[in-house]
Amino acid sequence: MTRVPRLHASAGLSLVEVLVTVVVLAFGLLGIAALQAKMQVGSIESYQRAQAVVLLDDMRARVLGNPVHAADYLTSTPLGTGDTQPADCTSLAIGSARDVCEWSQELKGAAEQTASGTNSGAMIGARGCVEQLQAPDPTAGVCQPGIYRVTVAWQGMHETRASPLACGKDLYGPDANRRAIAVQVTIGLPSCS
């Protein structure tokens, strides 16, 4: 018996090979789409954090610029979203009250307007707090500076570990949705001895 060689042993792709290729390609495209969505969320989170740093630095500079009245910046409830600050701060005298009002407007997104003219805000539900961590004590021999904490909180795009900072706690649904950053401001007592 002699074997006759097959001339067209692999003349084309089988239907099974084509289907396997299509399935693998589909999973790859779904993976790319999921990665794109995660990158978009990460980009938004990064932008919000950058805006929070700008707002945090703004209030830090305001407190440091008015050290004699640093205690006037303290907030009993968070400023920003849902506060009772006036919409127009120009009626307030220049000083701590006006600084607090302007910071509240910035947290609400006064500088971020949509085409319709409504404030959109740089962060979702931005709020700010100023707390006193240590009261100043100018008593001779003590000379303890005042220490304040300025905090900015906002709603994140996904759950993560809850922030230990108190500003905005329980105002964003599950606390793992809340993002918060803070800076301490120390007001020294240069004339203290």
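Read-outs: derived from the displayed coordinates by stated rules, not from any lab. Since this is a predicted model, take the numbers as computed values, not measurements.
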Any idea what angle helix 15-65 forms with the longest principal axis of the chain, computed on alpha-carbon atoms, 0 to 90 degrees, nearest 10? 10 degrees
Helix axis angle, 96-107 relative to the chain longest principal axis, alpha carbon, degrees: 10 degrees
Which label marks the calculated value of Cα Rg over 2.2 N^0.38 Å, given the options (1) 0.94; (2) 1.76; (3) 1.06? (2)
Compare VAL54, VAL23, VAL68 in a GNM of the chain, Cα atoms joined below 10 Å, and give the one with the largest fluctuation. VAL23
